[in-house]
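Participant: One structure is given below, represented as structure tokens, and several questions about it will come after.
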Amino acid sequence: MKIVVTVKLVPDPNGVKNIDPATKRLVRAGVETVINPYDEYALEAALQLKERVGGDSTVTVFCMSPESLKESLRKALAMGADGAVMLSDAALEGSDVWASAHAMSLALKRIGFDLLVVGGLTDDGSTGAVPGALAEFLGVPCLTNVRKIDIADGKVRVERETDGGYQEVTGALPMLVTTALTIGEPRYPSLKGIMGAKKKPIEMLSVADIGAGDAVGAAASKTELLSFAPPPARGAGKIVTPEDPAAGAATILAFLQEKKLV
Amino acid sequence: MKNVIVYVEQKKGATRKVTFEMLSEARKIADALGGRAVAVVLGSGAAQVAEQIKGYPVDAIQLVEDPAVEQFLLDPIVHYVELAAKNVGPSLILIPNTLSGRDLAGRLLARLNAGVAADVTEIVVTNGRVECVSPKLGGALVTHCVLRAGDYGIATIRPGAFTAAPGGSGAQIERHDVSNATYALAIERDVEEGSGEMALEEAPVVIAGGRGMGGAEPFTSMLKPLADAFGGAVGASRAAADAGWVSYSLQIGQTGKTVSPPLYIAVGISGAIQHKVGMRASGTIVAINKDASAPIAEFADLTVVGDAFAIVPELTKLVTAAKQ
Ligand SMILES: Cc1cc2nc3c(=O)[nH]c(=O)nc-3n(C[C@H](O)[C@H](O)[C@H](O)COP(=O)(O)OP(=O)(O)OC[C@H]3O[C@@H](n4cnc5c(N)ncnc54)[C@H](O)[C@@H]3O)c2cc1C
Ligand SMILES: Cc1cc2nc3c(=O)[nH]c(=O)nc-3n(C[C@H](O)[C@H](O)[C@H](O)COP(=O)(O)OP(=O)(O)OC[C@H]3O[C@@H](n4cnc5c(N)ncnc54)[C@H](O)[C@@H]3O)c2cc1C
């Protein structure tokens, strides 16, 4: 079975974020690039499936990103992916969700897959719209927020989390799933994995390779995005270390009464 | 883009507060664009929901009472909203920014070749130009996303960001025929676990507990009484849900619910970025944490440093007394 996992490279969620007042863009310098945390769970799910299904199953990581971030993808290979494909092209700059998902779908068609495992949400754009759009462009069923996957005879049985519980649904390959975090904590790369990752291939694709023509980048996008520094943060909060618990509780009550919340 | 379509999420004849917020906002946008505002309600409970929303200022409510909506995964909904959009013509489609709302937005985006603006908290229309405002990266920046005028546009709407205002002269209810489309993904089992779900997003006060609670028991014996004293609801961090202390339906944050109550009290929660994005827009944030350097102290309006197990019961007594 050929399993492909989509992985986005994002600024470290725990890093400090600053906006350049001149360009109004996020200052990337000094902020580490990491694999989108959600996508590590998607990769973990794929690696577990490969281990369970066995045979000649493979896990390939796919990423659309500037080539300069290529080395940040090694962690996925160190975790156990067999190889990676990266779609990089200056023409992709400024792509919105429509243009990104469209270009990604062309690349994914070329790569080919039985199962496509996608993360639920990114830490930067966080639209959560890419998985559904990919499924449509690829013409495959879309099962989202999955916490358990069983595959037998080309049939995929999943348990998916909903807002207030879970559902069981069965579909056929090829298909797209997105993973819930409850699918399992991502593994840490082993030392052997890290060493091996250096030798694993990262195949590069360009816009010409996928035949996307003009349907890429800012010009093909359906949106125009401007970013700004946020409005002034709420006034700095108070930090109080009370004498005793009763004084702590009284401090809170007085504060809430002042704000007319009690 | 001239008209506005509101997708009304419903389950068993009940809808969420965000529906009323979207219906009210849709009117304003449609007026600014000089178009119509149309609500789309799907599934077995649709007629019941139409009754609940008809006091809101939309021009029409389209109903399709097709049981396939409950029997199959999302596909029937994608199908009917696509149909509605194609009937109405290039329009702005408002969808709640929930788990299934995001799925729907992605699917429609490809079918309608539409632009999407996600997690929208404000919509500004100037001379036919629709600009959607969203806080991103845990509030580190604010994006303004302009949807191309000639195309369809989709905005996923943050619950609690807009104000619900009933009014209007009564929407026209239009019943549409069930389509003969077939769908592949049947829902074989549908299990409801948490019941507090609607209450959490709609509660005026949320008392959220984290890993610092150390177990399931304090959620019922300590946090629930405080929530009751306020007339609020209990929520949780992912760590608490992962530990199995509470149901995931109570989880607040990036992978859980987004809440913005007038008052949020975080008890034994460190304030990780993924938690922050789900509660940052709350009116007032109070933290009780034994560590003065926990990240939550950086964005709470008041942080009281100390042992939650000693402070919370005292606070419950004070609030109960003050409310009498
Ligand atoms: C701050 C910010 C705000 C933005 N707001 C908008 C907006 O409102 N509307 C809009 O159209 N665009 C927006 N964009 C652009 C958008 O982020 C990109 O088009 C992006 O490639 C896909 O969207 P996403 O990050 O929202 O992905 P999501 O839909 O949140 O991602 C879900 C999953 O899809 C996969 N995935 C997503 N992108 C990639 C990738 N490049 N490579 C591999 N896998 C991927 C991952 O597995 C991920 O977990 C924004 C970008 C930023 C940085
Ligand atoms: C992709 C992804 C998505 C995620 N989504 C979410 C999400 O939606 N929601 C979410 O919440 N998290 C989410 N997380 C997890 C998040 O990163 C944190 O791990 C989590 O929020 C921590 O929960 P916590 O604050 O309860 O626990 P901790 O970080 O362990 O904090 C516990 C706090 O309790 C305090 N404490 C302990 N004992 C006491 C006491 N007796 N009295 C007072 N204070 C005490 C401690 O000082 C500490 O600050 C996500 C993570 C990832 C990678």
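The values are calculated or read from the model by the stated rules, or taken from the named source; none is laboratory data. Owing to the predicted nature of the structure, the values given are computational and were not obtained by experimental measurement. Using ideal geometry, Cβ is built from the backbone for each residue, glycine included, and neighbour counts are taken over all protein chains shown. Note: accessible area is taken over every heavy atom of the protein model, side chains too, but ligands, DNA and RNA are not part of it. Shrake-Rupley method; radii C 1.70, N 1.55, O 1.52, S 1.80 Å.
Participant: Through the Karplus equation 6.51 cos²θ - 1.76 cosθ + 1.60, θ set to phi - 60°, convert the phi angles of the stretch A:154-165 into ³J(HN,Hα) values in whole Hz; use x for Gly and Pro.
Facilitator: Values per residue, Gly and Pro as x: x, 9, 10, 10, 10, 10, 10, 7, 10, 4, x, x Hz.
Participant: Can I ask one more? How many Å³ per residue does the convex hull of the Cα positions in chain B occupy?
Facilitator: About 137 Å³ per residue, rounded to a whole number.
Participant: Moving on to the next point. Under 1.5 on a/c is rounded, so check that first for the stretch B:224-279, then, if it is not, pick prolate when a/b is larger than b/c and oblate when it is not; a ≥ b ≥ c are the square roots of the alpha carbon gyration tensor eigenvalues.
Facilitator: Oblate, since a/c reaches 1.5 and b/c is not below a/b.
Participant: Now, a different point. Given R₀ = 35 Å, FRET efficiency for residue A:218-residue B:70 by Cβ-Cβ distance, to 0.05? All intermediate terms of the calculation are to be shown ahead of the outcome.
Facilitator: Details: r = 41 Å, r/R0 = 1.16.
The computed FRET efficiency comes out at 0.30.
Participant: Sort the stretch B:270-324 into rounded, prolate or oblate with this rule: let a ≥ b ≥ c be the square roots of the eigenvalues of the Cα gyration tensor; rounded if a/c is under 1.5, and if a/c is not under 1.5, prolate when a/b is larger than b/c, oblate otherwise. Let's see the in-between values first.
Facilitator: On the way: a/c = 2.76, a/b = 1.54, b/c = 1.79.
Since a/c reaches 1.5 but b/c is at least a/b, the shape of the stretch B:270-324 is classed as oblate.
Participant: What does the helix-only formula give at 222 nm for chain B: each DSSP H stretch with n ≥ 4 adding -39500 (n - 2.57), the total divided by the residues, and the result rounded to the nearest 500 deg cm²/dmol?
Facilitator: Values: 10 runs with 95 residues, N = 324.
Theoretical 222 nm ellipticity from helices: -8500 deg cm²/dmol.
Participant: Assuming 0.36 nm per residue, please report the length gained on full extension of the stretch residue B:178 to residue B:127 beyond their Cα-Cα distance.
Facilitator: Value of the extension gain: 14.6 nm.
Participant: Mind giving me the FRET efficiency for residue A:260 and residue B:199? R0 is 22 Å, r the Cβ-Cβ distance, nearest 0.05 is fine.
Facilitator: Between residue A:260 and residue B:199 the formula returns 0.45.
Participant: Charges only on Cβ, +1 for Lys and Arg, -1 for Asp and Glu: so what's the dipole of the stretch B:3-175 about the Cα centre, in debye to the nearest 20?
Facilitator: 200 debye
Participant: Given the whole protein assembly as supplied and a 1.4 Å probe, what does the accessible area of residue B:257 come to in Å², nearest 10?
Facilitator: 10 Å²
Participant: Rank B:241, B:220, A:36 by how far each Cα sits towards the positive end of the charge dipole of the protein assembly as shown (+1 on Lys, Arg Cβ; -1 on Asp, Glu Cβ) and give me just the farthest.
Facilitator: Final value for the positive-end residue is A:36.
Participant: Something else about it: How big is the dipole moment of chain A about its Cα centre under a simple scheme where the beta carbon of each Lys and Arg is +1, that of each Asp and Glu is -1, and everything else is neutral? Debye, nearest 20, please.
Facilitator: Computed about the Cα centre, the dipole is about 260 debye.
Participant: Next question, about the same structure. Among B:40, B:94, B:172, pick out the residue whose Cα is farthest towards the positive end of the charge dipole of the stretch B:3-175, where Lys and Arg carry +1 and Asp and Glu carry -1 on C-beta, about the Cα centre.
Facilitator: B:94
Participant: May I pose another question? When N is the residue count of the protein assembly as shown, what does its C-alpha Rg come to as a fraction of 2.2 N^0.38 Å?
Facilitator: Ratio of Rg to 2.2 N^0.38 Å for the protein assembly as shown: 0.96.
Participant: To the nearest 0.05, how large is the calculated FRET efficiency for residue B:188 and residue A:29 if R₀ is 41 Å and r is the Cβ-Cβ distance?
Facilitator: Working: r = 51 Å, r/R0 = 1.23.
The formula returns an efficiency of 0.20 here.
Participant: Moving to a separate point now. Assigning unit charges at the beta carbon (Lys, Arg +1; Asp, Glu -1) and nothing else, what dipole magnitude in debye, to the nearest 20, does the stretch B:45-145 show about its Cα centre?
Facilitator: 360 debye
Participant: What is the percent carbon and sulfur in the accessible area of the protein assembly as shown, measuring with a 1.4 Å probe over the protein chains and ignoring ligands?
Facilitator: Within the protein assembly as shown, the accessible surface is 52 percent carbon and sulfur.
Participant: Now for a separate question. For the full complex of protein chains and a 1.4 angstrom probe, list B:238, B:280 by accessible area with the highest value first.
Facilitator: B:280, B:238
Participant: Find the sum over both chains of the accessible area lost when B and A are paired, probe 1.4 Å, and report it in Å² to the nearest 100.
Facilitator: 6600 Å²
Participant: With a 1.4 Å probe and every protein chain left in place, work out the accessible area per residue of the stretch B:1-100 in Å², rounded to a whole number. Walk me through the intermediate numbers first.
Facilitator: Numbers: 3130 Å² over 100 residues.
That works out to 31 Å² for each residue.
Participant: I'd like to check one number: the per residue accessible area of the stretch A:166-246, probe 1.4 Å, reported in Å² as a whole number.
Facilitator: On the way: 4560 Å² over 81 residues.
Solvent-accessible surface per residue comes out at 56 Å².
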